[in-house]
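Where a number appears in this text, it was derived from the coordinates with a stated rule and is not lab data. Note that this is a predicted model, so its numbers are computed, not measured. Cβ sites come from the backbone with ideal geometry, for glycine too, and all protein chains shown count toward neighbours.
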């Protein structure tokens, strides 16, 4: 198996995260930046944007998320959500992935024939960038998991960190030291997922 396929195989959702990290914040920042920069985008749009949070800012994100969710959930269901959020907060940092909406709109105007596809392609680009960053962090010895608390936290995030209004939040990649391994992964049969024509 190639090193690349092995890296993809090793990228798993790790929910037991900690702060026993051997990399510096600047090293992690460099890994995420390079992974995103090297990720392909339709028409070389480079629409993904990333806000990387460490330390108190990382903690603040998950405290804000808890505050935002509490009034939206039944009281009896909230403790399990609090526990889940505490697990994210226990990590070392969070990379928030956004789409630069002005880039998408500009391409829609410039290439009207493909206008309806540019939001789809932007989502694909964002997904590729996120997966590449996740895999790169895994290769560096970190664990991570991907969350989607948007749009519930969009306004709070934008306000707290002065995020430009043309950045649309798409996901939150939480990372830290692996405090436990992922469980076994089950796969659908190849017959259900693939078609090969010769």
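Based on other C-beta atoms within 10 Å, arrange 163, 21 from fewest to most. Write down the numbers at each step before the final one.
Values: 163 18, 21 21.
Exposure proxy ranking, most exposed first: 163, 21.
From the Cα gyration tensor of the range 101-198, with a ≥ b ≥ c the square roots of its eigenvalues, which class applies: rounded if a/c is under 1.5, or else prolate if a/b is larger than b/c, or else oblate? Please report the intermediate quantities before stating the final value.
Values: a/c = 2.51, a/b = 1.14, b/c = 2.20.
Because a/c hits 1.5 or more and a/b fails to exceed b/c, the range 101-198 counts as oblate.
How high is the relative contact order of the range 81-158, given as a whole-number percent (alpha carbon pairs under 8 Å, six or more residues apart)?
Answer for the range 81-158 is 19 percent.
Neighbour counts of other C-beta atoms within 10 Å: give me 72, 137, 53 arranged from fewest to most.
72, 53, 137
By what distance, in whole Å, do the Cα atoms of the range 3-193 stretch along each of the three principal axes, largest value first?
48, 43, 40
Sorting check: for 106-117, 151-162, which peptide has the highest mean count of neighbouring beta carbons within 10 Å, and how do the rest follow?
Working: 106-117: 12.5, 151-162: 14.6.
Highest to lowest by the protection proxy: 151-162, 106-117.
Please compute the contact order of the range 1-147 in relative form: average sequence separation of alpha-carbon pairs under 8 Å and at least six residues apart, divided by the residue count, as a percent.
Reported as a whole number, the value is 45 percent.
I'd like to compare 95-103, 74-82, 176-184: which one has the highest average count of other Cβ atoms within 10 Å, and what's the full order after that?
Listed from highest to lowest mean packing, they are 95-103, 176-184, 74-82.
Exposure proxy check: 64, 73 ranked by fewest other beta carbons within 10 Å? Intermediate values should be presented prior to the final figure.
On the way: 64 18, 73 13.
Fewest to most other Cβ atoms nearby, the residues stand as 73, 64.
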